[in-house]
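Undergrad: My questions will all concern the structure given below.
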């Protein structure tokens, strides 16, 4: 219960207030701890003066301390989860896999029916170029706004401030649409003067860019809500719409995908509107005013920077590969089909390793909650060393899972190639360039998944600067190595940027991770 909620009614009596602020925190040892508990529960000096007629929180803490030894005071002790670790790990691994289900749906759709919501095996290279370019830019340029929607919205949800979560989500979503409008106008002006694409290609580009940008931004709301199954349903419904419009009704693939994206966006917005309204109805919080714009920008800009660099990292190697080649390029960017097949193939190991993040983050919280009660304050070095060992175990697990997933993914096309009638598009995998790109990209993606785990830890403990420095080094390495390799050797060596950039991202974030766990006690208690 927040201070705002309590202030809407009569002030709580001292004993009730003491029980609320010590709920699942154990019995305070002195008045200083009570003062800290008051502050972390949202109380201020002005609240103490207004509601309890004392000068400040320190004075209020002295009054509350009198009730510590009262027979009526029965603090709720810390509840430590005692569920089976195997069940927890399996449950959270499957939850982590749900995060990647939309990617799996797209990959499976392409191998079975030959098209997805914004892709098709029948696209000409000319069409594929502008659509793929629009997709990459939509991902990269919405990365910042989708990151802050997820982070800021989830922050308020974890604080049980549902009204604020709904309000900030709506505000940032509208900011994202405004950003999209500005970018679209900028692209029109640039193409008008620079003549990057002929008019028909540009119209195709701008249509996919706008629709995909809105679609990705809308889905960010469900990532914030951790509603991964809903995301999968929306993506699957989009594929069903494409199938109906394209194969049943006989529309062109472009019109079918336009209409399908529009329907998917409408479904996503309707579902998010319903979820936000439900959050407000179920909220027990009285707070509704968001921070002032300057304060809000200050709290979200690290996530915007990280999100922008992260999605730039994701698309960098493709852009470098598509802007060079072993032959003359008709336009400044040209889709290289063999490169894309290898990269999509490498998403399979990424899916298996990235699911481990959900497991480790959850188990880290459980272990920390338990160990806090097992170690005395003078044993802080043992506490930190224990979690350094846990970190090493996580690194070894990621390495082993990465190796196994690469081997498994490599043999998937060969395993299913016997059934060419059903998986009729699998033959495209059997190419030396595809295989080279697959192995190098898989390695880069495994490094990436480990680096992402580090960054999730940093964000969870309010250390975004560690994550930002790591992704900046990784992205710059990705660009420099990919630029040199693709120009000096061949276009598909742009994948070296992803591989080495992923390694640098992982190495720098691991450096900060080791620093973090070396002082885990400090970062744990100073997180908020």
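The values are calculated or read from the model by the stated rules, or taken from the named source; none is laboratory data. Just so it is clear, the structure is predicted and the values come from calculations on it, not from any experiment. Cβ sites come from the backbone with ideal geometry, for glycine too, and all protein chains shown count toward neighbours.
Undergrad: Among the residues of region 110-140, count how many are more than 26 Å from the chain's Cα centre (by Cα), assigned to a loop (DSSP other than H, G, I, E, B) and closer than 18 Å to residue 202 by Cα.
TA: Counting residues in region 110-140 that are more than 26 Å from the chain's Cα centre (by Cα), assigned to a loop (DSSP other than H, G, I, E, B) and closer than 18 Å to residue 202 by Cα gives 2.
Undergrad: What are the pairs with Cβ atoms under 6 angstrom where one residue, in region 88-100, is not assigned by TED's automatic domain parsing to the domain that holds residue 223 and at pLDDT below 80 and the other, located anywhere, is surrounded by 15 or more Cβ atoms within 10 Å (Cβ to Cβ) and part of a helix (DSSP H, G or I)? Sequence gap at least six, or different chains.
TA: Within 6 Å, the pairs are 99/228; 100/351.
Undergrad: Scan region 307-337 residue by residue and report those that are in contact with a helix residue (DSSP H, G or I) (Cβ under 8 Å, 6 or more places away or on another chain) and more than 29 Å from residue 468 (Cβ to Cβ).
TA: Result: 324, 325, 326, 330, 331, 334, 335, 336, 337.
Undergrad: Would you mind telling me which numbered condition in (1) surrounded by fewer than 18 Cβ atoms within 10 Å (Cβ to Cβ); (2) not in a loop (DSSP other than H, G, I, E, B) residue 250 fails?
TA: (2)
Every residue, every condition in (1) over 16 Å from the mean Cα position of the chain (by Cα); (2) over 21 Å from residue 205 (Cβ atoms), yes or no:
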{"residue": "311", "(1), (2)": "no, no"}
{"residue": "315", "(1), (2)": "no, no"}
{"residue": "323", "(1), (2)": "yes, no"}
{"residue": "330", "(1), (2)": "yes, no"}
{"residue": "343", "(1), (2)": "yes, no"}
{"residue": "346", "(1), (2)": "yes, yes"}
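Undergrad: Sort through 180, 212, 174, 219 and tell me the only one that's surrounded by fewer than 22 Cβ atoms within 10 Å (Cβ to Cβ), touching a residue at least 12 places away in the same chain (Cβ under 8 Å) and either in a helix (DSSP H, G or I) or outside the structural domain of residue 343 (by TED's automatic domain parsing) (or both). Before the answer, list the steps.
TA: Details: 212 fails: surrounded by fewer than 22 Cβ atoms within 10 Å (Cβ to Cβ); 174 fails: touching a residue at least 12 places away in the same chain (Cβ under 8 Å); 219 fails: surrounded by fewer than 22 Cβ atoms within 10 Å (Cβ to Cβ).
When all the criteria are applied, what remains is 180.
Undergrad: Out of curiosity, is residue 407 at pLDDT 80 or above, touching a helix residue (DSSP H, G or I) at 6+ places or on another chain (Cβ under 6 Å) and surrounded by fewer than 19 Cβ atoms within 10 Å (Cβ to Cβ)?
TA: no
Undergrad: In addition: Can you list residue pairs whose Cβ atoms sit under 8 Å apart, with the first residue in region 501-516 being outside the structural domain of residue 447 (by TED's automatic domain parsing) and within 23 Å of residue 320 (Cα to Cα) and the second being modelled with pLDDT under 95 and part of a helix (DSSP H, G or I)? Count only pairs 6 or more apart in sequence or on different chains.
TA: Hits for this filter: zero, empty list.
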